[in-house]
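Chemist: Here's a structure for you.
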Amino acid sequence: MTQPSLTSYWKMAAISLLAVLAVTIGRAEAATMSGSEKSLHAAAQKNSETVTWYVSHYSAETAEQIGASFRAKFPGVKVSVIRTTAQVAFQRLNQDLRAGVQQCDVISTTDLGHYAFLKGKGLLTKYTPEAASKAIKAFQGLDPEGYFHVTSAGLVVLIHNKEKTAGKKLPTKWADLLDPIWKNQVSLGHPGFSGYVGTWVVLMRKLYGWEYFEKMEKNNPQIGRSINDTVTMLNAGERSVAAGPASTTLRSASRGNPLGVIYPEDGSLMMIAPSGIMSNTKNPNAAKLFMEFLLGVETATIAVESFSESIRPEVAPAVGATPLNQVKTLRPTFEEIKKGIPEVKELWRDTFGV
């Protein structure tokens, strides 16, 4: 009988070791899963399910990181991440529906009106994740019937380029952006593309009337699309101050960009961003499993590492961020947002011409 060579021996030993490691890692992963996750994972694995996620809650980088973490925790279940602005995600979803094509399994947009529409049309699946009851109380029960749940939270605040605002009196409240000293220096997103911006515009109209934006127009703001475009414009030195996202700004500052955050005296906008499962999904187990993951500690940890707010009490705020209990926050009601965003889109076009 031919004896195996030393090289073959080590190859076989390495393969055996890898097999043992794979089993060990698999058991470790399984041990971290809840009972609901274990059963959903087994069913999704058995059916080779892939969840397609339309998302506007996070930057592309953070969304992809969440997708990668999900795949690592639940081997055999894939997730396809499609990151766009809220309105583009919703337009794409409607195009799918009109074409009779099932693409999206889980929808995550920052516009609450989208969920009211989808629920009203019977296009969402009723599902309350086991993890939903473990979120911070303020983020629980957005839809008492359980068709959608808060999976992300963030703040809209005043942001500035420290180099361009050096020596100037910084704005401390929203009305300060109307001061003529900021003419040609303000950056804004667009309510026709961003749910964050749409909700901020609804809040400003509620606080100050539409006159706020008529006066803002005289300062000739630079208008992008996504609220994250304001950070890009400030980093490029094209503008000095903006109504922008705290999370993206703090993340950019952590990378050495000269950006600062100011929590307005009259209140930072608290954005809550839900997620829901489409009723026409062909991947129900993977979709439910993904909803569990979006509400879990792993996703909250990734969100905080990206300087978003945590929706789980176990995960502390990001370094450099002010804890929510120390920030004055404001949020329009669900009905004000649902009714107000379509209205302010039209008013915006009339006022700014874009």
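The values are calculated or read from the model by the stated rules, or taken from the named source; none is laboratory data. Just so it is clear, the model here is predicted, and its values are computed rather than measured. All Cβ positions, glycine included, derive from the backbone under ideal geometry; neighbour counts span all protein chains shown.
Chemist: In region 142-164, how many are closer than 15 Å to Met271 by Cα and either more than 18 Å from the chain's Cα centre (by Cα) or not in a loop (DSSP other than H, G, I, E, B) (or both)?
Modeler: 10
Chemist: Going through Asn280, Asn257 one at a time, which residue ends up being over 27 Å from Ser108 (Cα atoms) and among the polar types (S, T, N, Q)? Walk me through it before giving the result.
Modeler: Values: Asn280 fails: over 27 Å from Ser108 (Cα atoms).
From the options Asn280, Asn257, the qualifying one is Asn257.
Chemist: Right, another one. Quick one: how many residues across region 136-151 are aliphatic (A, V, I, L, M), under 17 Å from Glu298 (Cβ atoms) and at pLDDT below 95?
Modeler: Kept after step one, since they are aliphatic (A, V, I, L, M), are these residues of region 136-151: 136, 138, 142, 150.
Applying the additional criterion that residues be under 17 Å from Glu298 (Cβ atoms) yields 136, 150.
In the following step, the residues that additionally are at pLDDT below 95 were identified as 136.
Going through region 136-151 one residue at a time, the tally reaches 1.
Chemist: So, in region 87-108, of the ones that are of a type in the set (S, T, N, Q) and touching a strand residue (DSSP E or B) at 6+ places or on another chain (Cβ under 7 Å), which residue ends up farthest from Ala44 (Cα to Cα)?
Modeler: Going residue by residue through region 87-108, those that are of a type in the set (S, T, N, Q) are 87, 91, 94-95, 102-103, 108.
Among the residues that remain, those that are also touching a strand residue (DSSP E or B) at 6+ places or on another chain (Cβ under 7 Å) are: 103, 108.
On the way: Gln103: 17, Ser108: 21 Å.
Among residues in region 87-108 that are of a type in the set (S, T, N, Q) and touching a strand residue (DSSP E or B) at 6+ places or on another chain (Cβ under 7 Å), the one farthest from Ala44 (Cα to Cα) is Ser108.
Chemist: Looking only at region 245-303, count how many residues are polar (S, T, N, Q) and in contact with a strand residue (DSSP E or B) (Cβ under 6 Å, 6 or more places away or on another chain). Before you say what the answer is, go through the steps one by one.
Modeler: Filtering region 245-303 for residues polar (S, T, N, Q) gives 247-249, 252, 254, 257, 268, 275, 279-281, 283, 285, 299, 301.
When the remaining residues are screened for being in contact with a strand residue (DSSP E or B) (Cβ under 6 Å, 6 or more places away or on another chain), the result is 247, 249, 252, 268, 275, 279, 283.
Going through region 245-303 one residue at a time, the tally reaches 7.
Chemist: Every residue in region 306-354 that is among the polar types (S, T, N, Q), closer than 21 Å to Thr110 by Cα and out of contact with any strand residue (DSSP E or B) (no Cβ under 9 Å at 6 or more places or on another chain), please. So that I can check it myself, show each step before the final result.
Modeler: Taking region 306-354 as the starting set, the residues that turn out to be among the polar types (S, T, N, Q) are 306, 308, 310, 322, 325-326, 329, 333, 351.
Pick out the ones that are also closer than 21 Å to Thr110 by Cα and you get 306, 308, 310, 329, 333.
Once the filter is applied, which keeps residues that are among the polar types (S, T, N, Q), closer than 21 Å to Thr110 by Cα and out of contact with any strand residue (DSSP E or B) (no Cβ under 9 Å at 6 or more places or on another chain), region 306-354 yields Ser306, Thr333.
Chemist: Going through Lys126, Lys137 one at a time, which residue ends up being closer than 16 Å to Leu289 by Cα and of a type in the set (Lys, Arg)? Spell out how you get there, then give the answer.
Modeler: Working: Lys137 fails: closer than 16 Å to Leu289 by Cα.
Going through Lys126, Lys137 in turn, the sole match is Lys126.
Chemist: Further, regarding this structure: Just one of the numbered conditions (1) modelled with pLDDT of 95 or more; (2) part of a helix (DSSP H, G or I); (3) surrounded by 12 or more Cβ atoms within 10 Å (Cβ to Cβ) is not true of Lys11; which one?
Modeler: Evaluating Lys11 over (1) modelled with pLDDT of 95 or more; (2) part of a helix (DSSP H, G or I); (3) surrounded by 12 or more Cβ atoms within 10 Å (Cβ to Cβ) leaves (1) as the failure.
Chemist: Answer with yes or no whether Phe90 is in contact with a His (Cβ under 6 Å, 6 or more places away or on another chain), surrounded by 11 or more Cβ atoms within 10 Å (Cβ to Cβ) and either under 30 Å from Ser133 (Cβ atoms) or at pLDDT 95 or above (or both).
Modeler: On the way: in contact with a His (Cβ under 6 Å, 6 or more places away or on another chain): yes; surrounded by 11 or more Cβ atoms within 10 Å (Cβ to Cβ): yes; either under 30 Å from Ser133 (Cβ atoms) or at pLDDT 95 or above (or both): yes.
Considered against the rule, which asks whether it is in contact with a His (Cβ under 6 Å, 6 or more places away or on another chain), surrounded by 11 or more Cβ atoms within 10 Å (Cβ to Cβ) and either under 30 Å from Ser133 (Cβ atoms) or at pLDDT 95 or above (or both), Phe90 comes out as yes.
Chemist: Moving on to the next point. Check region 91-99 and report whether any residue there is farther than 23 Å from Glu292 by Cβ and touching a residue at least 12 places away in the same chain (Cβ under 8 Å). Steps first, answer last, please.
Modeler: Our first condition is that a residue be farther than 23 Å from Glu292 by Cβ; within region 91-99, this holds for 91-92, 94-99.
The next check asks that each one be touching a residue at least 12 places away in the same chain (Cβ under 8 Å); those that pass are 92, 97.
There is at least one residue in region 91-99 that is farther than 23 Å from Glu292 by Cβ and touching a residue at least 12 places away in the same chain (Cβ under 8 Å).
Chemist: Moving on. How about region 55-75: which of its residues are of a type in the set (Gly, Ala, Ser) and either in contact with a Leu (Cβ under 9 Å, 6 or more places away or on another chain) or part of a loop (DSSP other than H, G, I, E, B) (or both)?
Modeler: First pass over region 55-75, keeping only residues of a type in the set (Gly, Ala, Ser): 56, 59-60, 63, 67-69, 72.
Correct list: Ser56, Ser59.
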